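**Q** I have a structure here, written as structure tokens, and I will follow up with some questions on it.
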Amino acid sequence: MSSDVSAELVEAARCWIADDPDPVTRQELRDLLERCTAGPSAERAVSLEDLADRMAGPLRFGTAGLRGPVRAGPNGMNIAVVVRTTAGLAAWLRTRGHSGGVVVVGRDARNGSESFAAAAAGVLAAAGFAVRTLPGPLPTPLLAFAVRDLGAVAGVQITASHNPAPDNGYKVYLHGGAPLVAPADAEIEAETTAVPSAAAVPGTPTPPDTPTPPGEPYDPLPAYLDRVAALPSATGPRALRIALTPLHGVGGEVAVRALRAAGFTDVHLVAEQAAPDPDFPTVRSPNPEDRAANRALLRLAAATGAQLAVALDPDADRCALGVPDPGPGAGPDSKGDGYSDSGTSDDSAGGWDDGAGGWRMLTGDEVGALLGEHLLSIRTWSDPLVASTVVSSSLLAKVANAHGARHAETLTGFKWIMRAGGADDTRLVYGYEEAIGYCVDPGAVRDKDGISAAVLAADLAATRAAAGSSLLEALDDLAVRHGVHATRSLTFTMSPAECSAAIDRVSHAWEPSHTRRPAPDLLVTRGPGHRIAVRPSGTEPRLKAYLEVVEPVTDPAGLGAARERARLRLAMLVAQTRTLITDT
């Protein structure tokens, strides 16, 4: 080996190769080791950096499970990582008294998902669990539904949600159907680390053939559709034209069936994005938060005369909504205050026009408030609780108070929203986070669910349309009652060390009495009529900042002026935050 390749790195790679049950990824890592010593020095340097990154693992449970590129090595998604993680999960379940219990395994349609799901099912079955496998690629909310419906002790969904095409992931649901949360995540990681050999784990597959997953097939779709169909108000109107895209993910067919089951039959799919495709060929990023991903959807909405546009992310646990907006600045050239903005992408400054003028995408906070208001208006509960995260708008708390409901503010991530009610989780009736995630039926799916959220949004849009109104007018109504709540999120590509330094700069810039740390990696500062929250991403090397300004509205006639004041204040807060974070 070359002198610039450390002996420790080489030994770690060789040990991983020796224990990898998959001949494809074994050879992949062998070839990379060889490239570290052969060829021009520049290529060797690139290969060495690649090897060091692959061996820098293991993958850790982040905000929404394990996620990483499909590749060989402990810092990637591959058969060996899935086997070891599943063996760790099985050991942890046994220590909790769940030996022999039902575990549900599902998957999306990403590269590697089929073989990873089969590997997970095989290990669990060999460990003595009663495995139930979902029939083919299905949305993540159906896995969460199945765990609760079957009373399973756990569930595993192979998915990377809205991550880029090269990635895949591994998401765990616990008994009751809620996502994995601390300290269980660290405990499972410890059990995984204690697994002596992936190749020796009982039930480990022998690639390259993908075995038929063991266990009993279980199809949750009929029961799920029955539940979703009952979400809209029973006597509400159903006349609504909807444009929908699953962004090459697995939610398209299920969403159409769910909407139709609820009475919304006038649904138009973006044809070129309707079928699952792990390469996501028509979008740069399969994330509905990225406004470029919604170009085809808004073109279809404009062309068909739709009244509501719905974009699901690839595993359909999140959804974005678009609405007709004939006002000034409408259309795809208009950025809108709520879009995530990296400050570096070619879409950050607008400038593209694809014939979908007169439409705009609502922010996650706007939809979160609208769905919360709608649910609390059409349902009656005893002592209801709604929840949103500390980085989401404060508007939901005011909506809840107006309806006599309680509101809880949680840490980021649906794993915390779903536990807002503590031991008495039956009180929770709704939760949302600004990253276009909504739980509108916690009794069925204790996680975000883009499909059921789309059905409830269709109910609200149809109700408004029948009364000669719109979702934008519904937002106006909320602003008049509770004030203008303008939000904006910013994203910066940064290393962990850079994130830490940036958070410190933000902290030092504000009055200490206004600043708190709800978690070690989360800073929140509040002042008169504004809030800034800063945290590292749980899945990517990025820093995220979440800004909000609140402007009172004294009377309906003053709404326009209040919005303008809020816009100017938010722009100033954005500029100030960018300067602090980038240290320029």
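**Q** If you check Trp381 against the conditions, is it part of a helix (DSSP H, G or I) and modelled with pLDDT under 95?
**A** In short, no.
**Q** Name the residues in segment 401-414 that are surrounded by 24 or more Cβ atoms within 10 Å (Cβ to Cβ) and either assigned to a helix (DSSP H, G or I) or touching a helix residue (DSSP H, G or I) at 6+ places or on another chain (Cβ under 7 Å) (or both), would you?
**A** Phe414
**Q** Same structure, new question: Scan segment 385-398 for residues that are closer than 19 Å to Arg481 by Cβ and either of a type in the set (Ser, Thr, Tyr) or surrounded by fewer than 24 Cβ atoms within 10 Å (Cβ to Cβ) (or both) and jot them down. Reasoning before the result, please.
**A** Filtering segment 385-398 for residues closer than 19 Å to Arg481 by Cβ gives 386, 388, 392-398.
Within segment 385-398, Ser388, Ser392, Ser393, Ser394, Ala397, Lys398 qualify.
**Q** Of all residues in segment 135-155, how many are closer than 16 Å to Val250 by Cβ, surrounded by 24 or more Cβ atoms within 10 Å (Cβ to Cβ) and not small (Gly, Ala, Ser)?
**A** 7
**Q** Restricting the search to segment 551-575, which residues are over 19 Å from Ser489 (Cα atoms), assigned to a helix (DSSP H, G or I) and of a type outside the set (A, V, I, L, M, F, W, C)?
**A** Pro556, Gly558, Gly560
**Q** Could you check segment 31-60 and list, in sequence order, the residues that are surrounded by 15 or more Cβ atoms within 10 Å (Cβ to Cβ) and assigned to a helix (DSSP H, G or I)?
**A** Listed by number, the residues that qualify are Leu32, Leu33, Arg35, Arg44, Ser47, Leu48, Asp50, Leu51, Ala52, Arg54.
**Q** Return the residues of segment 244-293 that are in a helix (DSSP H, G or I) and buried (at least 21 other Cβ atoms within 10 Å of the Cβ); say none if nothing qualifies. Write out each step before concluding.
**A** Keep residues of segment 244-293 that are in a helix (DSSP H, G or I), which gives 252-261, 271-273, 291-293.
Of everything in segment 244-293, those that are in a helix (DSSP H, G or I) and buried (at least 21 other Cβ atoms within 10 Å of the Cβ) turn out to be Gly252, Val254, Ala255, Ala258, Leu259, Gln273, Arg291, Ala293.
Okay, residues lined up against (1) surrounded by fewer than 20 Cβ atoms within 10 Å (Cβ to Cβ); (2) in a loop (DSSP other than H, G, I, E, B); (3) in contact with an Asp or Glu (Cβ under 8 Å, 6 or more places away or on another chain):
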position: Asn75; (1), (2), (3): yes, yes, yes
position: Ala80; (1), (2), (3): no, no, yes
position: Thr85; (1), (2), (3): no, no, no
position: Ser99; (1), (2), (3): yes, yes, no
position: Gly106; (1), (2), (3): no, no, no
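**Q** Only one residue in Ile503, Ile532 is surrounded by 19 or more Cβ atoms within 10 Å (Cβ to Cβ), in contact (Cβ under 8 Å) with a residue 40 or more places away in the chain and farther than 22 Å from Gly62 by Cα. Which one?
**A** None of the others qualify; the one that does is Ile532.
**Q** Out of Arg427, Arg419, I need the residue that is surrounded by fewer than 24 Cβ atoms within 10 Å (Cβ to Cβ), assigned by TED's automatic domain parsing to the domain that holds Ala397 and farther than 22 Å from Ala154 by Cα. Which one? Quick ask: steps written out before the conclusion?
**A** Numbers: Arg419 fails: farther than 22 Å from Ala154 by Cα.
Exactly one of Arg427, Arg419 is surrounded by fewer than 24 Cβ atoms within 10 Å (Cβ to Cβ), assigned by TED's automatic domain parsing to the domain that holds Ala397 and farther than 22 Å from Ala154 by Cα, namely Arg427.
**Q** So which of Arg517, Arg569, Arg542, Arg481 is loosely packed, with under 15 Cβ neighbours inside 10 Å and either closer than 18 Å to Thr363 by Cβ or touching a strand residue (DSSP E or B) at 6+ places or on another chain (Cβ under 8 Å) (or both)?
**A** On the way: Arg569 fails: loosely packed, with under 15 Cβ neighbours inside 10 Å; Arg542 fails: loosely packed, with under 15 Cβ neighbours inside 10 Å; Arg481 fails: either closer than 18 Å to Thr363 by Cβ or touching a strand residue (DSSP E or B) at 6+ places or on another chain (Cβ under 8 Å) (or both).
On inspection, the qualifying residue turns out to be Arg517.
**Q** List the number of the failed condition for Ala38; all other conditions in (1) small (Gly, Ala, Ser); (2) in contact with a helix residue (DSSP H, G or I) (Cβ under 8 Å, 6 or more places away or on another chain); (3) touching a residue at least 12 places away in the same chain (Cβ under 8 Å) hold.
**A** For Ala38, the failing item is (3).
**Q** Please specify each residue of segment 185-218 satisfying the condition of being touching a strand residue (DSSP E or B) at 6+ places or on another chain (Cβ under 8 Å), surrounded by fewer than 18 Cβ atoms within 10 Å (Cβ to Cβ) and not charged (D, E, K, R).
**A** Pro214, Pro217
**Q** Would you confirm, using the coordinates I've provided, whether Arg71 is surrounded by fewer than 16 Cβ atoms within 10 Å (Cβ to Cβ), under 23 Å from the mean Cα position of the chain (by Cα), of a type in the set (D, E, K, R) and under 26 Å from Lys171 (Cβ atoms)?
**A** No: the conditions fail for Arg71.
Results for (1) modelled with pLDDT of 95 or more; (2) aliphatic (A, V, I, L, M), shown as yes or no for each residue.
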position: His403; (1), (2): yes, no
position: Ala408; (1), (2): yes, yes
position: Leu411; (1), (2): no, yes
position: Thr426; (1), (2): no, no
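**Q** Of the numbered conditions (1) more than 23 Å from Leu385 (Cβ to Cβ); (2) in contact (Cβ under 8 Å) with a residue 24 or more places away in the chain; (3) touching a His at 6+ places or on another chain (Cβ under 7 Å), Asp476 fails exactly one; give the number of that condition.
**A** Condition (3) is where Asp476 drops out.
**Q** Hey, among the residues in segment 229-243 that are assigned to a loop (DSSP other than H, G, I, E, B) and of a type in the set (A, V, I, L, M, F, W, C), which one's nearest to Ala461 (Cα to Cα)?
**A** For segment 229-243, the residue satisfying everything is Leu240.
**Q** Right, here's the next one. State yes or no: is Lys415 over 24 Å from Thr235 (Cα atoms), modelled with pLDDT of 95 or more and among the basic types (Lys, Arg)? Even if it seems obvious, please write down each step before you answer.
**A** Details: over 24 Å from Thr235 (Cα atoms): yes; modelled with pLDDT of 95 or more: no; among the basic types (Lys, Arg): yes.
So Lys415 fails the test.
The values are calculated or read from the model by the stated rules, or taken from the named source; none is laboratory data. The shown structure was predicted, so the numbers you read here are calculated from the model rather than taken from an experiment. Heads up, the Cβs are rebuilt from the backbone with ideal geometry, glycines too, and the neighbour counts pull from every protein chain shown.
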